[in-house]
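Undergrad: Pasting a structure here, questions to come.
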Amino acid sequence: MPIAASAEAVRPTRRPVNANGVPIHTTTYIGTNWTNRTADSPPPPAPGAYYPMAFLVEQPPGSVVQSHFHAADQFQVVVAGGGHLGRHPVRPVTVHYTNAHTAYGPITAGEDGLHYFTLRNGYDPGARYVAQEAAALKAIPGRKPWQTTTAPVEPSPAITGPARMEEMLEPRADGLGAWRHILPPGARLTGPEPAAGMGQFWVVAAGSLDGMPPLSLVYVHPEDAAREAEAGPDGAELLILQYPRRAADA
């Protein structure tokens, strides 16, 4: 079954943490990650195991998170502030995708800070920084480094007119894709078939969807039926982000 996480319900999980010397705040939506693991948490799955996890990062103005990599495929969605991801300027709404074991960054927050979702369909124990682990990264067998950053698109200030969709990442044969939907009040949507990829995150960027406010998430498993949803009285702006299948998943 899909996993829903309302922005209102997860608010108590917000906490300060340190990311390689950078003081950030994280809010956990789905799963256990390095920021909220405690002695009472269940044992972590193996790195790369199928395991949906999602959290919101609030990076302070002028801060820099150095280049690093993770053990799982990852989407990031910029939802507030601005800055740079590597050489790419980012602001709401920008989507970044990276394969597991692909170095990216640095992530540089602008004068208003930088807030972004980190979304994975596999377990990751935490960032590994290139400055210390470049040799280990190159030695990982079978890795397929690849990443892409979309151009920022303006959030819809008023959701009016007919329902419309745009591709943020052109769908690939392995299932990777990202779509942006603008839905007028009361409009219904059926998402792409989950079996085409390896899991989907639905991100409410504006308005409301099935009663959930902005910055809420839903995770759809690959074996779930295509998800149906309805925009609220003010319409909805929705991102659907689908992970690629790997050879072992096909």
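Undergrad: Here are Ala72, Ala9: which of them is more than 17 Å from the chain's Cα centre (by Cα), within 30 Å of Ala226 (Cβ to Cβ) and not charged (D, E, K, R)?
TA: Numbers: Ala72 fails: more than 17 Å from the chain's Cα centre (by Cα).
Residue meeting the stated conditions: Ala9.
Undergrad: Return the total of residues in segment 152-170 being closer than 20 Å to Glu228 by Cβ and either modelled with pLDDT of 95 or more or open to solvent by 40 Å² or more (accessible area, probe 1.4 Å) (or both).
TA: Of segment 152-170, the ones closer than 20 Å to Glu228 by Cβ are 159, 162-165.
Subset that is either modelled with pLDDT of 95 or more or open to solvent by 40 Å² or more (accessible area, probe 1.4 Å) (or both): 162-165.
Residues that pass the stated criteria total 4.
Undergrad: Do we find that Ala54 is open to solvent by less than 10 Å² (accessible area, probe 1.4 Å), part of a loop (DSSP other than H, G, I, E, B) and within 24 Å of Pro16 (Cα to Cα) in this structure?
TA: No: the conditions fail for Ala54.
Undergrad: Somewhere in segment 184-195, is a residue touching a His at 6+ places or on another chain (Cβ under 8 Å) and not in a loop (DSSP other than H, G, I, E, B)?
TA: The answer is yes; a qualifying residue exists.
Undergrad: Exactly one of these conditions fails for Leu209: (1) surrounded by 20 or more Cβ atoms within 10 Å (Cβ to Cβ); (2) without any contact (Cβ under 8 Å) to a residue 40 or more places away in the chain; (3) out of contact with any Asp or Glu (no Cβ under 9 Å at 6 or more places or on another chain). Give me its number.
TA: Leu209 satisfies every listed condition except (3).
Undergrad: Let me ask something else. Name every residue in segment 145-162 that is touching a Gly at 6+ places or on another chain (Cβ under 9 Å) and within 19 Å of Leu209 (Cβ to Cβ), in order of residue number.
TA: Ser156, Ala158, Ile159, Thr160
Undergrad: Could I ask something else about it? Working only within segment 225-247, note down all residues that are closer than 9 Å to Leu183 by Cα and aliphatic (A, V, I, L, M).
TA: Listed by number, the residues that qualify are Ala231, Ala236, Leu238.
Undergrad: How many residues are at pLDDT below 95 and charged (D, E, K, R) when one looks only at segment 20-61?
TA: 2
Undergrad: Could you list all residues from segment 214-224 that are open to solvent by 30 Å² or more (accessible area, probe 1.4 Å) and within 12 Å of Ser6 (Cα to Cα)?
TA: We begin by selecting, within segment 214-224, every residue open to solvent by 30 Å² or more (accessible area, probe 1.4 Å); these are 214-215, 223.
Passing the criteria: Pro214, Leu215.
Undergrad: Now a separate question. Looking at segment 155-183, which of its residues are in a loop (DSSP other than H, G, I, E, B) and either hydroxyl-bearing (Ser, Thr, Tyr) or within 11 Å of Glu237 (Cα to Cα) (or both)?
TA: Once the filter is applied, which keeps residues that are in a loop (DSSP other than H, G, I, E, B) and either hydroxyl-bearing (Ser, Thr, Tyr) or within 11 Å of Glu237 (Cα to Cα) (or both), segment 155-183 yields Pro155, Ser156, Pro157, Ala158, Ile159, Thr160, Ala163.
Undergrad: So, Thr35, is that one open to solvent by less than 10 Å² (accessible area, probe 1.4 Å), in a strand (DSSP E or B) and not aliphatic (A, V, I, L, M) or not?
TA: No: the conditions fail for Thr35.
Undergrad: Can you confirm whether segment 178-191 contains a residue that is without any contact (Cβ under 8 Å) to a residue 60 or more places away in the chain, closer than 23 Å to Tyr50 by Cα, surrounded by fewer than 18 Cβ atoms within 10 Å (Cβ to Cβ) and out of contact with any Pro (no Cβ under 7 Å at 6 or more places or on another chain)?
TA: Within segment 178-191, none of the residues are without any contact (Cβ under 8 Å) to a residue 60 or more places away in the chain, closer than 23 Å to Tyr50 by Cα, surrounded by fewer than 18 Cβ atoms within 10 Å (Cβ to Cβ) and out of contact with any Pro (no Cβ under 7 Å at 6 or more places or on another chain).
Undergrad: Now for a different question. Mind listing just one residue for me: the one in segment 192-205 that is hydrophobic (A, V, I, L, M, F, W, C) and open to solvent by 20 Å² or more (accessible area, probe 1.4 Å) and, of those, nearest to Arg11 (Cα to Cα)?
TA: Ala205
Undergrad: Does segment 59-80 hold any residues that are open to solvent by 30 Å² or more (accessible area, probe 1.4 Å), out of contact with any Leu (no Cβ under 8 Å at 6 or more places or on another chain) and in a strand (DSSP E or B), and which are they?
TA: Passing the criteria: only Val64.
Undergrad: Okay, next question. Failed condition for Arg14, given (1) open to solvent by less than 20 Å² (accessible area, probe 1.4 Å); (2) over 22 Å from Gln132 (Cβ atoms), with all others met?
TA: (1)
The values are calculated or read from the model by the stated rules, or taken from the named source; none is laboratory data. Computed from a predicted model, the values in this text were never measured in an experiment. With ideal geometry, Cβ positions are generated from the backbone for all residues, glycine too; neighbour counts draw on all protein chains shown. These area figures cover heavy atoms from the full protein model, side chains too; ligands, DNA and RNA do not enter into them. Shrake-Rupley method; radii C 1.70, N 1.55, O 1.52, S 1.80 Å.
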